[in-house]
Every structure is written in C-alpha cells, then in structure tokens.
Amino acid sequence: MTLLGIDVGGSGIKGALVNSETGEMISERFRIPTPIPRTPEAMSDVIAQIVTHFDYKGKVGCGFPTIIKNGICKATGNLDKSWLGVNVEELLEKKTGLDFTVINDADAAGYATMNYGTGKGEKGFVVMITIGTGLGSGAFLDGRLIPNFELGQIPYKKYSKIEKWAAGSAKDREGLSYKKWGKRFNKFLEYVELIVSPDLIILGGGASKDFKEFKSKIKIETRVIPAELQNHAGIIGAAVASQYKAQKV
C-alpha cells in the first residue's frame, strides 16, 4: 500500500510517498520551509500544499513536533502558543478533506526505526533521540511504543528546557563546532541515562548523518548508535502510523 507521510519540523515540513510493507520511500522528498510565525493556519496551509503536490487522495500520517494525545496538541514546544488545545487531526482533515493520523514526530521516527531500521529486533528499553530544532525522543519497551516521551523538555540551568542549549538548532545558532556541540549533547545524554536507564539510544534527525563527527564526545555507558533511516524516519513512521490507526479501527 502507498501512503503519504508528512514530517513537521521547526525549520521545514517534508513529505513523501511510502511503501507501507517495506518502509521504503517511493517518491522524492518534497520540502517547504516552516512558516514564521508557526501558527495553525499558516502551517496547515503548507501541509495542504504538500498533499496537493503529490496529488494524493488516501490516508495521511503526520509527525508533529510536540505532545499529541488523541489528535490534540497538549504542548506548544517550538510552535506558536495558539496551537495549544487544537485538534490537529480535525484541522488538517478540514483543510485537505483527507483522513489524518497525527502523532508526535519523535514517536514517528522511532516507530520507523524500530520496524524498518537500526532498532529492528532490539529488545529491552530503547530510546530514539531526534536531533533538530529541538530534541525529540521516542521510547520503546520490547518494541512497543511509549508515546510522548519528551526528554528534551528537561530544565537545565538557566534554560527552561535543555533542548534550547543542546539541540541541533543551538549548534547552528551559535556556530558551534561538532566538538563543542558534542559535549553539550553528551550532557543531555547523561541526563537521559540517569533518569530512564535505557538499554540502547538511537540517534535520528538531521545531525545523525554526521554521527562520526561527534561520536568521540559521547561518553555515557549506554550503547549509542545512529539511525540507518536518518532524516527520513519521521516521514516513513508517520506514513505507517496512518495504516496502523486504520487497522485498529
């Protein structure tokens, strides 16, 4: 089955068609910059443009960069505060006329990685960290998703949340080398290890493709590996999530 997956990020909104059986992208990725301000109206317009680009009429899966419960935005993260309490699924269905499944973006990336990528067959407690505008996290116990596991929201020193200091956006904003940023990211991983004691940490998002550049700065005891799917995991996982929802119904 061919499904459309959309990955909403702080800097870009990306979509592609996915083969739900193999987990492979079967189209080129189409990306539009995330509008500023990141309001419901502006962002839903961009998502509708992506649907139109693919001339797609089926079910759509969408990874969203904050806590989503039953389709409703429960925290704003790096988005405009007007998102709080919005039923994202209903908004996108009205905008496009299509059936949307909306889940946390790190959960989507983790779902793809655990079913089609590096995490396939891994047992125990696995945490997927997506490195981008923020630090998303997806948690899996023996392959089963624990939703909305937002470790990037941990307060740190003067920062309301550690992702403001240690995310990929902080590296870009401050012009940090991978060596300097890697030390920050390792500090975040130290907190993850202390708080939840995972058996494995898988890194996804844009920076995961450059893992070798900061690997030497990762000093925690927990095994840390990059995701094979890298920056495509969010699209693939979101697409497959739409099928999973349909099967449950």
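The values are calculated or read from the model by the stated rules, or taken from the named source; none is laboratory data. Just so it is clear, the model here is predicted, and its values are computed rather than measured. With ideal geometry, Cβ positions are generated from the backbone for all residues, glycine too; neighbour counts draw on all protein chains shown. Accessible surface is based on the protein model in full, side chains and every heavy atom, while ligands, DNA and RNA are left aside. Shrake-Rupley method; radii C 1.70, N 1.55, O 1.52, S 1.80 Å.
Checking each residue in the stretch 104-156 for being of a type in the set (Asp, Glu) and open to solvent by 20 Å² or more (accessible area, probe 1.4 Å) picks out Asp105, Glu122, Asp142, Glu150. Every condition in (1) part of a strand (DSSP E or B); (2) at pLDDT below 95 is met by Ile201 except one, and the failing one is (2). Condition (residue is surrounded by fewer than 18 Cβ atoms within 10 Å (Cβ to Cβ) and on the phi > 0 side of the Ramachandran plot) applied to the stretch 75-95: is it met by at least one residue? Scanning the stretch 75-95, I find at least one residue that is surrounded by fewer than 18 Cβ atoms within 10 Å (Cβ to Cβ) and on the phi > 0 side of the Ramachandran plot, so the answer is yes. Scanning the stretch 37-55 turns up at least one residue that is charged (D, E, K, R) and closer than 22 Å to Asn148 by Cβ. From the list Ile201, Ile236, the lone residue that is out of contact with any helix residue (DSSP H, G or I) (no Cβ under 6 Å at 6 or more places or on another chain), in contact (Cβ under 8 Å) with a residue 40 or more places away in the chain and either hydrophobic (A, V, I, L, M, F, W, C) or open to solvent by less than 10 Å² (accessible area, probe 1.4 Å) (or both) is Ile201.
Restricting attention to the stretch 168-188, does a residue exist that is at pLDDT below 95, of a type in the set (D, E, K, R) and open to solvent by less than 60 Å² (accessible area, probe 1.4 Å)? No, the stretch 168-188 contains no residue that is at pLDDT below 95, of a type in the set (D, E, K, R) and open to solvent by less than 60 Å² (accessible area, probe 1.4 Å). Of Gly124, Gly136, Gly110, all but one fail to be of a type outside the set (A, V, I, L, M) and more than 20 Å from Glu163 (Cα to Cα); the exception is Gly124.
All conditions in (1) under 11 Å from the mean Cα position of the chain (by Cα); (2) modelled with pLDDT of 95 or more hold for Ile131, with the sole exception of (2). Taking the stated definitions as given, is Val102 more than 20 Å from Thr130 (Cβ to Cβ) and touching a Cys at 6+ places or on another chain (Cβ under 6 Å)? In short, no.
For Ala48, the stated conditions do not hold, so it cannot be described as of a type in the set (Gly, Ala, Ser), assigned to a loop (DSSP other than H, G, I, E, B) and either at pLDDT below 95 or open to solvent by less than 30 Å² (accessible area, probe 1.4 Å) (or both).
The set of residues in the stretch 91-129 that are small (Gly, Ala, Ser) and part of a helix (DSSP H, G or I) comprises Ala106, Ala108, Ala109, Gly110, Ala112. If only residues of the stretch 219-228 that are open to solvent by 40 Å² or more (accessible area, probe 1.4 Å) and assigned to a loop (DSSP other than H, G, I, E, B) are counted, the one that is farthest from Gly110 (Cα to Cα) is Lys219. How about the stretch 1-35: which of its residues are modelled with pLDDT of 95 or more, open to solvent by 70 Å² or more (accessible area, probe 1.4 Å) and in a loop (DSSP other than H, G, I, E, B)? Within the stretch 1-35, Ile26, Glu28, Arg29 qualify.
Give the residues of the stretch 36-45 that are part of a helix (DSSP H, G or I) and open to solvent by less than 50 Å² (accessible area, probe 1.4 Å), sorted by residue number. Once the filter is applied, which keeps residues that are part of a helix (DSSP H, G or I) and open to solvent by less than 50 Å² (accessible area, probe 1.4 Å), the stretch 36-45 yields Pro40, Ala42, Met43, Ser44.
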